[in-house]
1. Enumerate the calculated ³J(HN,Hα) couplings along the stretch 77-87 in order (Karplus 6.51 cos²θ - 1.76 cosθ + 1.60, θ = phi - 60°), each rounded to whole Hz, writing x wherever the residue is Gly or Pro.
2. Provide the per residue accessible area, probe 1.4 Å, for the chain, rounded to a whole number of square angstrom.
3. Give me the extension gain from Gln69 to Ala52: residue separation times 0.36 nm, minus the current Cα-Cα distance, reported in nm with one decimal.
4. On the first, second and third principal axes, largest extent first, how far apart are the outermost C-alpha atoms of the stretch 7-150 in Å?
5. Under a 1.4 angstrom probe, counting protein chains only, how are Arg42, Arg27, Arg159, Arg116 ranked by accessible area, largest first?
6. With a 1.4 Å probe and all protein chains in place, put Leu40, Leu133 in order of accessible area, largest first.
7. How high is the FRET efficiency from Arg135 to Ser38, r the C-beta distance, R0 45 Å, rounded to 0.05?
8. With a 1.4 Å probe and every protein chain left in place, tell me how much accessible area Val22 has, in Å² to the nearest 10.
Amino acid sequence: LDNAVGQLFRRNFPDYQVRLQVNIPLRNRQARADLTASLLERRQQEIRLVQASNGVRSEVQSAVVQVEQARARCKAALTAQDLQQKTLEAEQKKFNLGASTIFQVVQAQRDVANSRTTLIITQNVYISARINLDRSTGHTLTAHNISIAEAYDGEVARRPDPIPVSVQ
């Protein structure tokens, strides 16, 4: 014991020891799991982007079809109104000549009023379809000549549109 304590204080050690530790990961499972999760997330984002793009494309195509259908309905309603107006005029001429009754004239007037109502409804549907198309394509502001820069500045460079006169 004296000899061991003496060697300790005198630093007289008979052997030396060196320790070297090397850590080589054979399989880094955490890094692989993180990589796989990142790749899956990226793929999901790509899929969501494609789905959004397809949704926008579908919405725009649907809006275009609605505008075309509404335009065709407006033309048909306008033609129907013209025909009903001509029928009314013919019925009034027949009444003036005594070949028709007041009942038939009133029916023709009713048909003209119905055709006008139908025309107004189809025009409203057409306007709604155009608004939906502008919204779908992102052209709402340009369709109404609205400038974001003017809104930020607080100054309007153009004169306001006149108030529309009501149709009677």
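The values are calculated or read from the model by the stated rules, or taken from the named source; none is laboratory data. Predicted, not measured: the structure shown is a model, and the values here were computed from it. Neighbour counts run over all protein chains shown; Cβ positions are idealised from the backbone, glycine included. Protein only, heavy atoms only, side chains kept; ligands, DNA and RNA dropped before computing areas. Shrake-Rupley method; radii C 1.70, N 1.55, O 1.52, S 1.80 Å.
1. These are the phi-based 3J(HN,Hα) values: 5, 5, 5, 5, 5, 4, 5, 5, 5, 5, 5 Hz.
2. For the chain, the solvent-accessible area averages 88 Å² per residue.
3. Gain on extension, Gln69 to Ala52, equals 3.6 nm.
4. For the stretch 7-150, the Cα extents along the three principal axes come out at 146, 39, 19 Å.
5. Largest accessible area first, the residues go Arg159, Arg27, Arg42, Arg116.
6. Most to least solvent-accessible, the answer reads Leu40, Leu133.
7. The formula returns an efficiency of 0.80 here.
8. Per-residue accessible area (Val22): approximately 100 Å².
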